[in-house]
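Asker: Have a look at this one.
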Amino acid sequence: MATTTIMDPTVSSYESDSIANKPPLHHTTTNISLSPEQFERLYLAPKVPRANNAAKFANAVPLGFLGFVISTFTFSMVLMGWGGASGLQAVVGIFFFTGPVLLLLATIFLWIQAQFFPMMVCGLFSVFWLSFGMLQLPTLGLAEAYGGGDAAVGVVSKEMNAVIALYLLVWGFALGTFWLFTIRINLVFAGIFGFVTIGSWVLSGAYWALSTGKFQKALRLQKAGGALLFIVGVLGWYMLFVIMAAEMRWRVCPPVGDLSKYWSSTDVEIAAMENEKKD
């Protein structure tokens, strides 16, 4: 039997479709819970109870990585002399406006998000590029100070190169300390710090050789240090792609060599401590 629908002639078609006659709309907040493995892949830090608030903000880790890899890649290729490249004065901008700017911004954002270890990493590399960039500014007259007013003499002087060698030696120990903490995160991150630590010491050796007048040895060590930093840059690009792919919800999930599964979880102990503070 056919059914006929008769509309009330007093109600217009416009009024029947009006949004005023529909149920009210409400904003609904949804939370996406990340597993410890997913959290470490995105933030390069172990997941702890208080870190769940980081989901309210954009992930700042890839921002810092971007500044790091652009600076490191450029620096490494110049050290190896690709295409006849020599000297860093032409790319001094990466030491002030590429690496440090992005790394400092990431440091601040990660501090707000209470992401301790990535904050420390970004802060470490930001001050390295800033301090090393100062050595590349001829307007400061650093070489003249060691060469009696002659920059050409100061650049190859024993005193100046020995100072830079000590500077890079100390940086190697600092980077090695950070490496110890990366071995509980993933292989790629640990590889970055492992190679950059060795690279810092190799470059320190290059400056030691230069301070003693062994120019050919210094050149070989410089290229070796550049090659190690190039590997660091490659690993950095890979890690940047992994994090961005995860953030953009790509189906591609490249491996990073998760190491956290070999370490006992401290989440329970930390959660208990947090609850005790609240009580």
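Every number here is computed from the coordinates shown, using simple stated rules; none is lab data. The model shown is predicted, which means the values in this text are computed figures rather than measured ones. All Cβ positions, even for glycine, are placed from backbone atoms using ideal geometry, and neighbour counts span all protein chains on display.
Asker: Check residue 186: other-chain or 5+ apart residues with amide H under 5 Å from its amide H, H built from backbone geometry?
Answerer: 259
Asker: Still on this model: Counting only pairs 8 or more places apart or on different chains, how many lysine pairs in region 47-278 have C-alpha atoms closer than 28 Å?
Answerer: Lysine pairs satisfying the spacing and distance rule in region 47-278 number 11.
Asker: If I model a spin label as a point 7 Å beyond the Cα along the Cα-Cβ vector, how far apart are those points for residue 214 and residue 101 in nm?
Answerer: Label at residue 214, label at residue 101, 4.1 nm between them.
Asker: Can you run the Rg to Rh ratio on region 47-278? Use alpha carbon positions and the Kirkwood inverse-distance Rh.
Answerer: Value, to two decimals: 1.03.
Asker: What is the packing order of peptides 196-207, 159-170, 132-143, 218-229, taking the mean over residues of other C-beta atoms within 10 Å and listing the highest first?
Answerer: Answer by packing, highest mean first, reads 196-207, 218-229, 159-170, 132-143.
Asker: Here's something else I'd like to know. Using a Förster distance of 35 Å, how high is the FRET efficiency between residue 131 and residue 251, based on the Cβ-Cβ distance and rounded to 0.05?
Answerer: So, using R0 = 35 Å, E works out to roughly 0.25.
Asker: Using θ = phi - 60° and the Karplus curve 6.51 cos²θ - 1.76 cosθ + 1.60, what whole-Hz ³J(HN,Hα) does each residue of region 246-258 get, with Gly and Pro shown as x?
Answerer: 5, 5, 8, 6, 6, 6, 6, 9, x, x, 10, x, 4
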